[in-house]
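Read the structure below first, then the notes.
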2 protein chains.
Amino acid sequence: MKLKRQKPKEKFSYDPQKVLKKLEDLAWKILEEAKSGKNPYFDVPTRGLNNVYFDEESRLIRLGDRLSRRYFLNVAHARKFMQTLILMAYIKRLVSEGKHASLREAYYANKHTVPGTRENTFEDQSESDPIIEDLERMLGVLREEMHITADRRGYIYGDIVIKDGEDEFNASKLGTGGWAVPGTVEHIQFPEINVDYVLVVETAAMADRLIEEKYPKRENCLIVATQGQASRGVRRLIHRLHYEEGLPIIVFTDGDPYGWYIYSTIKRGSINLAYLSEKLATPDAKFVGMTMDDIKEYNLENVTEKLKGIPPDKKGGPTGDYKRLIEELNYPWFQDKEWQRQLKLALKWGVRIEQQALANKSLEFVAKEYLPEKIREGKLLP
Amino acid sequence: MKLKRQKPKEKFSYDPQKVLKKLEDLAWKILEEAKSGKNPYFDVPTRGLNNVYFDEESRLIRLGDRLSRRYFLNVAHARKFMQTLILMAYIKRLVSEGKHASLREAYYANKHTVPGTRENTFEDQSESDPIIEDLERMLGVLREEMHITADRRGYIYGDIVIKDGEDEFNASKLGTGGWAVPGTVEHIQFPEINVDYVLVVETAAMADRLIEEKYPKRENCLIVATQGQASRGVRRLIHRLHYEEGLPIIVFTDGDPYGWYIYSTIKRGSINLAYLSEKLATPDAKFVGMTMDDIKEYNLENVTEKLKGIPPDKKGGPTGDYKRLIEELNYPWFQDKEWQRQLKLALKWGVRIEQQALANKSLEFVAKEYLPEKIREGKLLP
């Protein structure tokens, strides 16, 4: 199998005016209702597991269509109603002025005592974060498009030209460091792409190994290091590189329930952010390793580790890795035969295998044999 | 106070030959002892609190001169003796070949069954990590100089030219992302420096705020985002920028015991890595905020948070923030009058204040008033 850049599937264009329009339309609706003596309300898609499902058609974890209605003239709703309007006004200002704020800044900026009362608008960030998520769901707009930035984590390395504002640079000419992915990637463009695919790597240490071995150059790929669970910025970047730039996505994580979950989040979306799967997930992504089969295939028995936690057949079990494995066995998006096989093998053997365990062969092994061989022969999991 | 680049104090040059020489000298000593029928040994500086002290002269946390002797022909020492030799051989290979390995790779690469026995060289990474630390102490050489890379975290942004291998680029021309600091910065050079000082920032969100407000450009400084506790790479980078490039270092963290500890690690070194203080710490660093005094000075009473944990006068206390505060009050390197004042105020008021709480004033406030004012007027803590 030779990986090649494909024809792009869509072209994303971030338009702040559209976001402003949506905010204003909603605000006008509220204002009109108030003026005409009605009880103003918002319709907010319900959060939580019971409004989340796996959509076989799009192969994504998605949000259902249950709504809850939030009224202004309702003692139980009034506080959240006020908070929603405060944050809408704040976001409007951010987007109009071209400024960005973190979730925490958005909280602090809008925390104040309501004049004439002893009531604070927000007592804690745990009050403002969910309102911002509600707005994402209500407006169908990413938080990042509303200029609320997510935590940043992760970096990229490889032969593509990135345009960020007035700056343009090649991400393979930044030494061993690579480019730190910012919290918001909506505004980033890729004027030149000279790679065939994207290899997403869980650990920084492994990404650095591959960079040292010149893997990106030899295999003509881009490395994205997630440094653990992929941040929103990184997931969005992967999504855009696939859909807008046509790049195949290959994911490389540890062979344990946590690593596999990182993969599934990139591919299917997550339960918490089900309403964003269409913008953050990449269902065409494929998985190269580590798998349970690798242990036998490459004689790695000596460098496996025991699963953490208590097995299901022991008192107090299942906990830890075992619990997570059993959850994954039951998720609708892990029902492929091949994944069921890996998950069951892990349970049966009671072991996990790390990316870096491949160093037991030699430092070069992962870059010169393991990855090129598995990718060339198409030994990838769906 | 106008911050300006000063005359460099030293010039660091990383010489792999020196590291190889030290390894070989030690290995020859062992070999000679074995050949002449003596019992070969290593002298390892003792680890732990009782061999750590605060050196008033260098203003650093330092390692004392206690040694423990590790013999080959001693049942209690033989395993560690073997492990030390295995890792010395491995490091020699890495440095000779110009390759780098992570701690985890070093563990996996050297884990195998000793021929003719059922004994593994290493059972767990918790066996190999301390040996590598022992080698750092014994040889007086950084792990990074031995090509064992540390975890990477943090990024930099500002008008300096970085040379990393064959690549040369300006760290203010990388869009909003900035340059991801690699695990090892020994090989990095700075052919051009156009900034007056370095502002070290605890949170990525605050660093991004300052970048958006064009603070680095307006104030002519470099931003280093530590993203929590500073990684070894970032600490080493700060040290080198100060000593080799003459840049003053200003640190900006949350106003809480964790933020202040981040500062003290950058300035004084840490207890765990006391033997590396001279290479990682920067005793000339100064602290700009947040302080308890800032709360009154800038009317931030409304956006403080309660300290976490149980106060010392309550049952079960002190825990959490309170415990950490009391530890800091007692550390010899927190005995400056001004620091004692801040720590006591925090205890008295029972509050902490975050960097991002400044957003309560306005998003621009931190970049246009708070920082420039405090730095101009020299309102810095030692």
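If you sort B:THR121, A:THR176, B:THR203 by accessible surface, 1.4 Å probe, largest first, the order is A:THR176, B:THR203, B:THR121. Across all Cα atoms of chain A, the radius of gyration (one decimal) and Dmax (whole number) stand at 23.1, 75 Å.
Maximal additional length on extending the A:TRP28-A:ARG341 stretch stands at 107.3 nm, based on 0.36 nm per residue less the C-alpha distance.
From the convex hull of the Cα coordinates of region A:225-325, what is the mean projected area in square nanometres? Please list the in-between numbers first.
Details: hull surface 31.6 nm².
In nm², the orientation-averaged hull projection of region A:225-325 is 7.9.
Of A:TRP179, A:TRP333, the order by accessible heavy-atom surface (1.4 Å probe, DNA, RNA and ligands excluded), from most exposed downward, is A:TRP333, A:TRP179. For the cross-link pairs B:LYS163/B:LYS217; B:LYS9/B:LYS163; A:LYS217/B:LYS11; A:LYS163/A:LYS379; B:LYS11/B:LYS111; A:LYS361/B:LYS38, the ones whose C-alpha atoms lie over 29 Å apart are A:LYS217/B:LYS11; A:LYS163/A:LYS379; B:LYS11/B:LYS111; A:LYS361/B:LYS38. Per-residue mean of foreign Cβ neighbours for A:302-311 is 1 (Cβ atoms of other chains, 10 Å radius).
Distance from the B-onto-A rotation axis is smallest for the Cβ of the chain B residue given, in whole Å, as B:ALA180, 2.
DSSP beta bridges fully contained in the protein assembly as shown are about 65 percent antiparallel. Couplings 3J(HN,Hα) of region A:122-127, computed from phi: 9, 9, 7, 4, 5, 8 Hz, in residue order, whole Hz [Karplus 6.51 cos²θ - 1.76 cosθ + 1.60, θ = phi - 60°; x for Gly and Pro].
Across A:TYR298, A:TYR71, A:TYR322, mean-square fluctuation computed from a Gaussian network of chain A (C-alpha pairs under 10 Å connected) peaks at A:TYR298. The slack between B:LYS163 and B:LYS9, meaning 0.36 nm per residue of separation minus the straight C-alpha distance, is 53.4 nm. Residues of region B:91-122 that lose at least 50 Å² of accessible area (1.4 Å probe, protein heavy atoms only) when the other protein chains are present, relative to their chain alone, are B:LYS99, B:ARG104, B:GLU105, B:TYR108, B:LYS111.
For the protein assembly as shown, adding -39500 (n - 2.57) for each run of n ≥ 4 DSSP H residues and dividing by the number of residues yields -11000 deg cm²/dmol at 222 nm.
Sequence gap at least 6, Cα distance under 8 Å: using those rules, report the relative contact order of chain A to the nearest whole percent. Don't jump to the answer; show the numbers that get you there.
Working: 647 pairs, mean separation 62.0, N = 382.
16 percent.
Between A:MET206, A:MET138, A:MET82, which gets the highest mean-square fluctuation from a Gaussian network model of chain A, Cα cutoff 10 Å? Most flexible of the set in this elastic network: A:MET82. Hey, how many Å between the Cα centroid of region B:331-382 and the Cα centroid of region A:225-293? A separation of 40 Å, based on Cα centres. For the chain pair B and A, the interface hides roughly 4000 square angstrom of accessible area in total, found with a 1.4 Å probe. For the Cα atoms of chain A, what angle does the longest principal axis make with the long axis of helix A:16-35, in degrees from 0 to 90, nearest 10? Result, in degrees: 40. Using the Cβ-Cβ distance between A:LYS308 and A:GLU244 with R0 set to 35 Å, the FRET efficiency works out to roughly 0.35. Would you compute the Debye intensity of region A:16-149 from its alpha-carbon atoms alone, equal scatterers and no solvent, and pass along log10 I(q)/I(0) at q = 0.09 Å⁻¹ to two decimals? With no solvent term, the Cα-only Debye profile gives -0.29. Given the convex hull over the Cα atoms of the protein assembly as shown, what projected area results after averaging over all orientations, in nm²? Mean projected area of the Cα convex hull: 36.4 nm².
The eigenvalues of the Cα gyration tensor, multiplied by 5 and square-rooted, give region B:154-377 an equivalent ellipsoid with semi-axes of 31, 21, 14 Å from largest to smallest.
Here the label points at B:LEU73 and B:LYS368, each 7 Å from Cα along the C-beta direction, are separated by 7.8 nm in the simple model.
Close amide H partners of A:THR149, meaning residues 5 or more places away or on another chain with modelled amide H under 5 Å apart, are A:ALA101, A:SER102, A:LEU103. In terms of overall dimensions, the C-alpha atoms belonging to region A:1-84 reach 65, 34, 19 Å along their principal axes, ordered largest to smallest. Excluding ligands, DNA and RNA, the accessible surface per residue across region A:154-377 is 34 Å² with a 1.4 Å probe. Rounded to the nearest whole angstrom, the semi-axes of the ellipsoid equivalent to region A:155-261, taken from the Cα gyration tensor as √(5λ), stand at 20, 16, 13, largest first.
Across region A:16-149, the mean sequence separation of Cα contacts (distance under 8 Å, 6 or more residues apart), normalised by length, yields a relative contact order of 25 percent. Relative to the other identical copies, A:PRO191 shows label-point distances of 2.2 nm, where the label point lies 7 Å from Cα along the Cβ direction and values run shortest first.
Once the Cα atoms are used to define both axes, helix A:337-349 deviates from the longest principal axis of chain A by about 70 degrees.
Springs join every pair of Cα atoms under 10 Å in this Gaussian network model of chain A, and among A:HIS77, A:HIS147, A:HIS242 the largest mean-square fluctuation is at A:HIS77.
Report, to the nearest whole %, how much of the accessible area of region A:53-157 belongs to carbon and sulfur atoms, 1.4 Å probe, protein only. Intermediate values should be presented prior to the final figure.
Numbers: 2410 of 4860 Å².
Of the solvent-accessible surface of region A:53-157, carbon and sulfur hold 50 percent.
Principal-axis analysis of the Cα atoms of chain A puts helix A:257-268 at an angle of about 60° to the longest axis. In a DSSP loop and with at most 14 other Cβ atoms within 10 Å, the GluC sites (Glu not before Pro) in region A:275-382 are A:GLU377. The phi torsions of region B:102-117, fed into the Karplus equation with coefficients 6.51, -1.76 and 1.60 and a -60° offset, translate into couplings of 7, 3, 5, 4, 4, 5, 4, 5, 10, 7, 7, 7, 5, x, x, 10 Hz, rounded to whole numbers, with Gly and Pro shown as x.
Here region A:142-217 and region A:48-81 have alpha carbon centers that stand 34 Å from each other. Less than 5 angstrom separates the built amide H of A:VAL351 from those of A:LEU307, all sequence-distant by 5 or more or on a different chain. In nanometres and ascending order, the distances from the B:LYS9 label point to those of the other copies are 5.6 (point 7 Å from Cα along Cα→Cβ). Under 5 Å between amide hydrogens, built in the peptide plane, is the criterion, and for A:VAL52 it picks out A:GLY64 among residues at least 5 positions away or on other chains.
The values are calculated or read from the model by the stated rules, or taken from the named source; none is laboratory data. Keep in mind the model is a prediction, meaning the values are calculated, not measured. As a convention, Cβ positions derive from the backbone with ideal geometry for all residues, glycine included, and neighbour counts pool all protein chains shown. All accessible areas refer to the heavy atoms of the entire protein, side chains included, with ligands and DNA or RNA removed. Shrake-Rupley method; radii C 1.70, N 1.55, O 1.52, S 1.80 Å.
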